[in-house]
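Each remark here refers to the structure printed beneath this line.
The values are calculated or read from the model by the stated rules, or taken from the named source; none is laboratory data. Bear in mind that the values here come from a model prediction, so they are computed numbers and not experimental data. As a convention, Cβ positions derive from the backbone with ideal geometry for all residues, glycine included, and neighbour counts pool all protein chains shown.
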Amino acid sequence: MRREGARGYELLQSLCDDVGPRFPCTAGDVAAIAWAKEALSRAGLSNVRSEAAPATLWERGHESCTVYLPRAQPLSLTSLGGSVATPDAGLSADIVAFDSLDALDAAPVAEVEGRIVYLHHVMPKLRDGTGYNAGSVARTAGPSRAARKGAVGFLVRSIGTETVRSPHTGALFYEPGVAQIPAAALAIPDGDQLRRQLARGHRVRAELKLGCRPLPVGTSANVLAELPGTSEEIVLLGAHLDSWELGTGALDDGAGCVIAIEAARLLGALGLKPKRTIRVGLFANEELGIGGGLAYAATRNDEAKLHAAAIEADQGDGRPWSLRVPLGQRESELSKRLHSALEGLEIGLDEGQSRGGVDISPLKQLGVPFVDLRQDATRYFDFHHTANDVIDNVSREDLVHATVAFAVTVWILANADERYSAP
Ligand SMILES: [Zn+2]
């Protein structure tokens, strides 16, 4: 007999193999929206629908970088999402390295002007994934911080935690009013070698060629479906359907999508009507602009206050190990109930306050309380935003475990007498 929950893995296989990468407004995105509608219908959910969402678009194009260390070496790199291109002939300049944004900010303009900045930010490998907080700031803010000092290009050590030559992409954010310079991430071993060469006092020159370009805003869609409840209230279980195009988005966030779909299917299979509607939301354009999450929040109107809780699965297949609830509500009956149910899955009640995922974050201003199931992120940032984000790096067992944990959490949130309040 096939184990229940193993279906999630097969579902993820079909998303990765039949749909593949899902950057907004590409053929993969259109196929993913159709795939999601079918998967949600087959899971027995009701009100399966899509809602249009604006999407920030961008195209990668060719990308190469050769450094003269002083010997010539091509580097493994990938453009950052949203980056502008270099001139067609490429950009040749000396490289100057900094170990942190603070060090870059403190440098005299003369040290940076006319050069390519290499930011050697080393992300620690941690179970709670918090190394990504400062890491993502280094990547998103780095290009404009370098440009403020007159840099002509920006390279960052990949925001990741492995040592294979597979660079990690991810969005950048250009500050308004600051020159937009081309930006890319180096594979970790390439960045480390570059740092060593510079530390030895070598002059390192680079020729960077990026063919990427921002495109006009397009329209993608959030896909929603429900397990209807007996009251007006809603518990939202979110994930994001879009992915970077280097891999097939198996972990980020195909895993979260199938956790959400499969958790709702399992709860539907109980044959019991929940008190609150359980809504699955598979959001568009998380990676470059949060278009889907913003559109969802902007169109809820009176419905926002009916959201009793929102929770998001966006840490791959990691086993949940910790539950976070809204500030000051750790001692509530609801928290105790969740904790006692999740203890058997080796999930503890965290001291910290819930923060929500990126897609549901715009609901914060509307007073929607968040619950977090923190997933084990030890391996996640080995593959995140790389060509290795493929199903071969997904654990079937962990995916089942995470699915059960989300299902239990959502079921309790949907049926408890009380609800959390926004902090
Ligand atoms: Zn994600």
Exercise for review: Could you identify the single residue in 70, 87, 74 that is out of contact with any Asp or Glu (no Cβ under 7 Å at 6 or more places or on another chain), outside the structural domain of residue 242 (by TED's automatic domain parsing) and modelled with pLDDT under 95?
Suggested key: 70
Exercise for review: Residues that are modelled with pLDDT of 95 or more, farther than 25 Å from residue 249 by Cβ and in the same structural domain as residue 288 (by TED's automatic domain parsing): find the strands (runs of 3 or more DSSP E) completely inside the range 307-423 holding 3 or more of those.
Suggested key: 307-312, 320-325, 348-353
Review point. So, in the range 277-306, of the ones that are assigned to a strand (DSSP E or B) and closer than 23 Å to residue 81 by Cα, which residue ends up farthest from the chain's Cα centre (by Cα)?
Key: 282
Practice item. Please indicate, with yes or no, whether at least one residue in the range 268-279 is more than 30 Å from residue 408 (Cα to Cα) and among the polar types (S, T, N, Q). Key: no
Review point. What pairs can you find where one residue is in the range 130-145 and not assigned by TED's automatic domain parsing to the domain that holds residue 357, the other is surrounded by fewer than 19 Cβ atoms within 10 Å (Cβ to Cβ) and in a helix (DSSP H, G or I), and their Cβ atoms are less than 9 Å apart, with a gap of 6+ or different chains?
Key: 134/101; 137/101; 138/101; 141/101; 142/101; 145/101; 145/105
Revision key, fill the gap. In the range 218-235, residues that are in contact with a Pro (Cβ under 7 Å, 6 or more places away or on another chain) and either surrounded by fewer than 19 Cβ atoms within 10 Å (Cβ to Cβ) or outside any loop (DSSP other than H, G, I, E, B) (or both) total 4
Point to revise | Among the residues listed as 339, 384, 401, the single one being in contact with a Gly (Cβ under 9 Å, 6 or more places away or on another chain) and more than 30 Å from residue 164 (Cα to Cα) | key: 339
Review point. Are there any pairs with C-beta distances below 8 angstrom linking a residue in the range 241-256 that is within 22 Å of residue 172 (Cβ to Cβ) to a residue that is among the aromatic types (Phe, Trp, Tyr) and assigned to a loop (DSSP other than H, G, I, E, B), with the two at least 6 apart or on different chains, and if so which?
Key: 242/23; 243/23; 244/23; 245/23; 252/244
Exercise for review: Give just the number: which of (1) over 30 Å from residue 163 (Cβ atoms); (2) in contact (Cβ under 8 Å) with a residue 24 or more places away in the chain; (3) more than 16 Å from the ligand (Cβ to nearest atom); (4) charged (D, E, K, R) does residue 351 not satisfy?
Suggested key: (2)
Practice item. Those residues that are over 27 Å from residue 416 (Cβ atoms) and either modelled with pLDDT under 95 or within 16 Å of the ligand (Cβ to nearest atom) (or both), I need them from the range 272-306; list them, please. Key: 284, 285, 286, 287, 288, 289, 290, 291, 292, 294
